[in-house]
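See structure below.
The values are calculated or read from the model by the stated rules, or taken from the named source; none is laboratory data. Here the structure is a predicted model, which means the values were calculated and not measured. FYI the Cβ positions are ideal-geometry reconstructions off the backbone, even for glycines, and counts take in every protein chain you see. Surface areas here come from the heavy atoms of the whole protein model, side chains and all, with no ligands, DNA or RNA. Shrake-Rupley method; radii C 1.70, N 1.55, O 1.52, S 1.80 Å.
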Amino acid sequence: MMSNDLTFIHRFESGNRLEAPPLLLLHGTGGDENDLLSLGQTVSPGSALLSPRGQVLEQGMPRFFRRLSEGVFDEDDVRRRANELADFVEAARARYGIAAPVALGYSNGANIAAAMLLLRPDVLAGAILLRAMVPLSQPSQADLRDKPVLIVSGKLDPIIPASNSAQLAALLANAGANVQHPVLPTGHQLTQTDLTLGREWIKAVGFLQAEKTEMA
Ligand code: MLT
């Protein structure tokens, strides 16, 4: 389904497996709402997929927030855009009747997902952050108790120093998130291992959600 009448241009694909958590797909710089649909289907077959297009343009390339240079962010814009995206997710949940999604973000999309976790933690059930970095230098205290987060980094990533992704993992863990942070022997591009790790992780998250529903 294609729709423009919520605040972000987006794609929504309804899932066919109730126990699979909905995914919020967040593309990298220069991507769009179509980019991660097949990644989402691979990582969590049968999940509903909500896939917005970033509203910032950098030389014609869609992004989710402004940056001053590579890896240096306009943090006021990060805050504003993360809140706008969170509002969109809430409106889309009401429209499509889905539970709080697990974010699946790559690069710039992973960074806005990390900002949403810090600023609007209730909007996401968890997150897979592929090649993410710290989005805010002085985030306010978020309550991420027990929220599952998978961060997959590349040891040879030329954009993200290892210390930065380690700092992100520590930041989220200190806020209470249940963080896993594998570091792969690769660069900024995604690999087959990212998909495998994401798939294994989402299965575990799906089981947890099913248990919670049964107990409720
Ligand atoms: C960002 O701007 O979010 C990061 O530098 C990643 C990227 O989009 O290249």
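Key figures
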{"read-out": "Top-ranked residue of the range 96-112 - restricted to ones that are within 11 Å of the ligand (Cβ to nearest atom) and touching a residue at least 60 places away in the same chain (Cβ under 8 Å), ranked as nearest to residue 23 (Cα to Cα)", "value": "105"}
{"read-out": "Any hit, the range 197-216, residues being part of a loop (DSSP other than H, G, I, E, B), at pLDDT below 95 and open to solvent by 100 Å² or more (accessible area, probe 1.4 Å)", "value": "yes"}
{"read-out": "Top-ranked residue of the range 118-170 - restricted to ones that are open to solvent by 30 Å² or more (accessible area, probe 1.4 Å), in contact with a helix residue (DSSP H, G or I) (Cβ under 8 Å, 6 or more places away or on another chain) and within 16 Å of the ligand (Cβ to nearest atom), ranked as modelled with the highest pLDDT", "value": "119"}
{"read-out": "Failed condition for residue 34, given (1) away from the ligand (no atom under 14 Å from the Cβ); (2) surrounded by 24 or more Cβ atoms within 10 Å (Cβ to Cβ)", "value": "(2)"}
{"read-out": "Hey, residue 86 open to solvent by less than 30 Å² (accessible area, probe 1.4 Å) and not in a loop (DSSP other than H, G, I, E, B) or not", "value": "yes"}
{"read-out": "Residue match in the range 66-78 (condition: touching a residue at least 12 places away in the same chain (Cβ under 8 Å), under 13 Å from residue 116 (Cα atoms) and small (Gly, Ala, Ser))", "value": "no"}
{"read-out": "Residue match in the range 71-80 (condition: in a loop (DSSP other than H, G, I, E, B) and either hydrophobic (A, V, I, L, M, F, W, C) or over 24 Å from residue 140 (Cβ atoms) (or both))", "value": "no"}
{"read-out": "The range 171-190, subset open to solvent by less than 30 Å² (accessible area, probe 1.4 Å) and outside any loop (DSSP other than H, G, I, E, B), residue farthest from residue 103 (Cα to Cα)", "value": "184"}
{"read-out": "Among residues of the range 110-121, those that are in contact with an Asp or Glu (Cβ under 9 Å, 6 or more places away or on another chain) and over 12 Å from residue 79 (Cβ atoms), counted", "value": "1"}
{"read-out": "Failed item, numbered, when residue 98 is tested on (1) open to solvent by 10 Å² or more (accessible area, probe 1.4 Å); (2) in contact with a Phe, Trp or Tyr (Cβ under 6 Å, 6 or more places away or on another chain)", "value": "(2)"}
